[in-house]
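See structure below.
The values are calculated or read from the model by the stated rules, or taken from the named source; none is laboratory data. Fair warning: this is a prediction, and the values are worked out from it, not measured in the lab. Ideal geometry is used to build each Cβ from the backbone, glycine not excepted, and the neighbour counts take in all protein chains shown. These area figures cover heavy atoms from the full protein model, side chains too; ligands, DNA and RNA do not enter into them. Shrake-Rupley method; radii C 1.70, N 1.55, O 1.52, S 1.80 Å.
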Amino acid sequence: MPEVPSYRIFASSQSASTALAEDISQLIRSRDSEERTTVLGLATGNTPIELYKELIRMHRAGLSFRNVVTFNLDEYIGIEREHPESYWQFMHSHLFNHIDINPENIHIPDGMVAADNIESHCSAYENHIEEAGGIDLQVLGIGRNGHIGFNEPGVSPDVATHATDLNQVTINDAAEAFGGAADVPQRAITMGVKTILGAQRIALLAFGSSKADIVERALTSGITSEVPATYLQSHPDTTFFLDQDAGKRLS
Ligand code: PGA
């Protein structure tokens, strides 16, 4: 029987973010004390912004990211790093520019890789994760359609990092940021479900009423490719960090 991921409902998105930041800080300190690096899988979107603010605050209070290696879930295909909506920009402005991480330890799929080289870029990304020792803790958000990373409805659980078409719900949700759906990239590179399930531990953040239905389905419906987040039910150490609104359909 798959284990249903556990979930924690917090009074606010801020307290959920602080709790996860504390877990991450403990993980980094404990691995530092064993002189081991910490490998974090990171996510973009509105949801993890408070988490990153909290990690920056902790860095200012003494937490070092010198021995941290990061792998981001995904990046849009066809936009430059410098584009204001690239995930490279997002991660630098919301986190990396404010902490002492070694730039060589930051990994984000390259959205400008030539079409012929996408496959080799994706397999190199997987190799880098393996060489780093695998992901200790993967942070996830969840799309309203149940996507994790850009693993959209219909995705197989056996696929590693790959290029994918974006689902219409995903494009509509990104339309405002891009100034209209027509300007949203149609494709992205994403870690696969297989990559995500390879993490030792997974923490999924979801906040607000708009996520309540999909959070309920992710946790309580059977595993189905139509809701990629249900694949997390087959992972032994996944926790959903929710605020009251996102958790309101759970008993
Ligand atoms: P959001 O996106 O954090 O902006 O809601 C989550 C996601 O699509 O994974």
In the stretch 195-221, what count of residues is obtained for those that are more than 14 Å from the ligand (Cβ to nearest atom) and in contact with a Phe, Trp or Tyr (Cβ under 9 Å, 6 or more places away or on another chain)?
3
Is there a residue being closer than 18 Å to Met91 by Cβ, more than 10 Å from the ligand (Cβ to nearest atom) and under 15 Å from the mean Cα position of the chain (by Cα) anywhere in the stretch 138-151?
yes
Could you please find all residues in the stretch 107-118 being without any contact (Cβ under 8 Å) to a residue 40 or more places away in the chain and part of a helix (DSSP H, G or I)?
Ala115, Asp116, Asn117
For the stretch 12-94, give me every one of the helices (runs of 4 or more DSSP H) that falls completely inside it and has 2 or more residues that are over 18 Å from Ile106 (Cα atoms) and either of a type outside the set (A, V, I, L, M) or in contact with a His (Cβ under 9 Å, 6 or more places away or on another chain) (or both).
13-33, 49-60
Of (1) open to solvent by 30 Å² or more (accessible area, probe 1.4 Å); (2) near the ligand (Cβ under 9 Å from one of its atoms); (3) part of a loop (DSSP other than H, G, I, E, B), Val159 fails just (2)
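Being open to solvent by 10 Å² or more (accessible area, probe 1.4 Å) and either on the phi > 0 side of the Ramachandran plot or assigned to a helix (DSSP H, G or I) (or both) narrows it down to one residue among Val215, Val169; which is it?
Just one listed residue meets the conditions, Val169.
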Any chance the stretch 97-106 includes a residue that's surrounded by 22 or more Cβ atoms within 10 Å (Cβ to Cβ) and not in a strand (DSSP E or B)?
no
